[in-house]
Amino acid sequence: MAREQEKTTQKSIWVHYKAALGKSIWMFLIAGIFYSLGAFFGGILSPLYYKGIIDSLASPENYSRIYYFFYLLLGVNVLQYFFSRTYEYIESTATSKGEARIASYALNHLSRHSYQFFTDNFAGSLVTKARRFSSAFETMSALFFEDFLYAVINILGILFVLFRTSATLGFVAFGWFVLLAYAILVRTKKRIPLERERGEKEARTTGVLSDVITNILNLKLFSSKTREGKYFDEVLEEERVARSRSWTVANNSFSINGAITLLAQSSLVFVSIFLWSKGMTTAGTIVLVMSYSNTLFNRLSGLGRSFRQFSDAYTNATDFAHIIEKDIEITDPRHPETLKIKAGEIVFDHVGFSYKNSKEVLTDFNLYVAPGEKIGVVGTSGAGKTTITKLLLRFADVTGGAITIDGQDIRKITQDDLRSTISYVPQDPILFHRTLRENIAYGKPDATEEEIIEAAKQAHAHEFIENLSHGYETLVGERGVKLSGGERQRVAIARAILKNAPILILDEATSALDSVSETHIKEALTALMHGKTTIVIAHRLSTIEKMDRIIVMEKGQIVEEGDHKTLLALKGIYFNFWNHQYKGFIK
């Protein structure tokens, strides 16, 4: 079953490439025609006219034909030059456009996967595989034209000419050709699984390296440089062993191919000389055979190395094809409904949810949030607080029941339409390595300068941005590392303010702020939440004290519900949380 799936994926590589290239695939077909003509004129006809010149020199009565063959040779070489140069221009243009199209196709398909998929995979490994998918096409197309197509044209043409010239020479050449081709195919077949293993190990190495660099702060804080270095060395050793196995098989193949090529060339030239000595062929034929044998066997022997490169590229393409064809966890409906969400009435109707191979997180969960209502959600870790926001945003799908907004099942509209109605500020916002202006305007790309600055002012981000040397044009670094946690949070809040969606989700949105900034942000959030349906996930209870309603969750269920004063009066779980935060540390 696994082999059948693998074969399906390998076949579909070409389907994906064709889909990505679109109409530009015709440029490659045209390039192939020009290359074929160039290979035929240069590899087949030129040696024939050299033969004619040599034979004319050997026969005084044929001296007059020397210039005839010379002009034919000149014409053939000019045509070969024209076809080859034309091919290069067409192929380079087609490949540069093709790589860009394939890279775009790869990102498009990669981004279709769910948020959970990206949390389960190394970002560095995914990036490497995506880039290799596009570069693999360049490698394989170049090898196809300049090695495989050239070899096929020359092999067929040369064998045809040799059989026409001398059946003996034709059979000798054909016999060695079959033996060499068999040796190449056998060794290549043995190397493909080894090369696939090498590719997997290399991708893992890239992923581990990316993980270490991403967590460089932890490496320094925990003085774990030696430990991480040792772990990385172990991963490198696994890659080295896999690479060594693959390359050993390749080197053995090159040695065998080289030996066969040497014997083939020597025997073919020897036979042609022998036939000449018996008067059965001409001196020009010896020149023709020497030229053809170098072309035929050296090119065929070189195919072993080309197969190795092709196998490398093919493995890289297959790795990403597996990702493309992996089941998409969260999909849009085939015929999505028109978006009708405006007021923001949210209903969790008997919702059940569990992760794969795990117990249920939510069981028969019910929650009604009125349009414009502001609710706070509290509970211990694992209670299901974050799960309800993931389900609402469709980062995961319910396994039972339904979630509706304004009466519309969120599974019946596209994910993009759904998320366009929700502003989400996570606990640890991640920014693009772009300018502050671009990051703030990300939710509204056509925002004016005035709108961007106003949103930044409301989020109390304008003050620190103005003090930066490049102001709003400051690059924030990868994942926003050049900013403090509080500054990143303020930029994320400004982004949410600018998006101005009817539903607002705050996941510990003030957790990274100092006390002064928190006070300012609370004021901004109060204004932001006006008229919006708001869900606030909180550990710091002061952030939800003024919510219309607070729900307390335990083991996927709502166990307490009411406003702040009501919950304190119950003297239950919420009361204990409050006392722990505001009395437990002061003794």
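Note down all Cβ pairs under 9 Å where the first residue falls in region 58-85 and is under 22 Å from T285 (Cβ atoms) and among the hydrophobic types (A, V, I, L, M, F, W, C), the second is at pLDDT 85 or above and in a helix (DSSP H, G or I), and they're at least six residues apart or on different chains. Pairs that qualify, where the first residue is under 22 Å from T285 (Cβ atoms) and among the hydrophobic types (A, V, I, L, M, F, W, C) and the partner is at pLDDT 85 or above and in a helix (DSSP H, G or I), are V76/F41.
Yes or no: L185 under 25 Å from Q309 (Cα atoms), assigned by TED's automatic domain parsing to the domain that holds S244, in a helix (DSSP H, G or I) and free of Cβ contacts under 8 Å to residues at least 12 places away in the same chain? So L185 passes the test. Can you go through G175, G170, G199 and tell me which one is within 20 Å of I323 (Cα to Cα), among the small types (G, A, S) and in the same structural domain as F270 (by TED's automatic domain parsing)? The match here is G199. Taken over region 400-411, the residue count meeting the criterion of being outside any strand (DSSP E or B) and surrounded by fewer than 16 Cβ atoms within 10 Å (Cβ to Cβ) is 1.
Quick one: which residue in T281, T261, T248 is crowded, with 16+ Cβ neighbours inside 10 Å, at negative phi and assigned to a helix (DSSP H, G or I)? Walk me through it before giving the result.
Numbers: T281 fails: assigned to a helix (DSSP H, G or I); T248 fails: crowded, with 16+ Cβ neighbours inside 10 Å.
Within the list T281, T261, T248, the selection yields T261.
Against the test of being under 30 Å from G38 (Cβ atoms), surrounded by 15 or more Cβ atoms within 10 Å (Cβ to Cβ) and in the same structural domain as F41 (by TED's automatic domain parsing), the options S134, S96 yield a single qualifying residue, S134. None of D349, D319, D327, D312 is without any contact (Cβ under 8 Å) to a residue 40 or more places away in the chain and among the acidic types (D, E) except D327. When you look at R131, is it closer than 20 Å to I323 by Cα and free of Cβ contacts under 8 Å to residues at least 60 places away in the same chain, yes or no? Yes; evaluated as a whole, the condition is true for this residue. When we screen D312, D327 for residues that are among the charged types (D, E, K, R), at pLDDT below 90, assigned to a loop (DSSP other than H, G, I, E, B) and over 30 Å from I544 (Cβ atoms), the only hit is D327. If G376 meets every condition in (1) within 25 Å of K546 (Cβ to Cβ); (2) part of a helix (DSSP H, G or I) apart from one, which number is that one? Of the numbered conditions (1) within 25 Å of K546 (Cβ to Cβ); (2) part of a helix (DSSP H, G or I), the odd one out for G376 is (2).
Taking region 470-587 as the region of interest, the helices (runs of 4 or more DSSP H) fully inside it that hold 2 or more residues being under 42 Å from the mean Cα position of the chain (by Cα), closer than 30 Å to I452 by Cα and modelled with pLDDT of 85 or more are 485-499.
Evaluate region 169-180: report whether one residue or more is within 27 Å of the chain's Cα centre (by Cα) and either closer than 27 Å to S293 by Cα or among the β-branched types (V, I, T) (or both). The answer is no; no qualifying residue exists. Considering only region 427-452, how many residues are buried (at least 16 other Cβ atoms within 10 Å of the Cβ) and among the acidic types (D, E)? Count: 2.
In region 185-235, of all residues being touching a helix residue (DSSP H, G or I) at 6+ places or on another chain (Cβ under 8 Å) and among the small types (G, A, S), the one that is surrounded by the most Cβ atoms within 10 Å (Cβ to Cβ) corresponds to G199.
Within the group L362, L367, L391, which residue is in a strand (DSSP E or B), closer than 28 Å to L541 by Cβ, within 37 Å of the chain's Cα centre (by Cα) and not small (G, A, S)?
The conditions single out L362.
May I ask you to verify whether A396 is more than 17 Å from K499 (Cβ to Cβ), of a type in the set (G, A, S), buried (at least 16 other Cβ atoms within 10 Å of the Cβ) and within 28 Å of the chain's Cα centre (by Cα)? Yes; evaluated as a whole, the condition is true for this residue. Every listed requirement among (1) touching a Lys or Arg at 6+ places or on another chain (Cβ under 6 Å); (2) under 30 Å from Y292 (Cβ atoms) is met by K189 save one, (1).
The values are calculated or read from the model by the stated rules, or taken from the named source; none is laboratory data. Keep in mind that what you see is a predicted model, and the values were worked out from it rather than measured. Virtual Cβ from ideal backbone geometry, glycine too; neighbours counted across all protein chains shown.
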